[in-house]
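Any read-out appearing in this document is the output of simple, stated calculations on the displayed coordinates, not a laboratory observation. Everything numeric in this text was worked out from a predicted model, so none of it was measured. So basically every Cβ, Gly included, is an ideal-geometry build from the backbone, and we count neighbours across all protein chains shown.
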Amino acid sequence: MNSTIWLALGLVLVLEGLGPMLFPRVWRRMILAMAQLPDSTLRRFGGGIVVAGCVIYYMLRSRMGG
């Protein structure tokens, strides 16, 4: 695998871990609130995150000349 993918994965893990590490109560409340949302809302939210991630990846890749 390309080292860029490993770098991206590492950054995702760091960012995902900051919430429960720094603000465990707030993070838990957010997760409980998300569990109450309908599936369609969660799918839209997830899709938006995927699209944003793809756009960021494309922008960084084109900027780095890849």
Give me the distance in nm between label points sitting 7 Å out from Cα along the Cα-to-Cβ direction at Arg63 and Val14, one decimal. 1.6 nm
Efficiency of FRET between Leu7 and Val55 - r from beta-carbon atoms, R0 25 angstrom, step 0.05: 0.90
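Pull out a ≥ b ≥ c, the square roots of the eigenvalues of the alpha-carbon gyration tensor of the chain, then state rounded if a/c is under 1.5, prolate if not and a/b is larger than b/c, and oblate in the remaining case.
Numbers: a/c = 3.43, a/b = 1.59, b/c = 2.15.
Oblate shape, in that a/c is at least 1.5 and b/c is the bigger or equal ratio.
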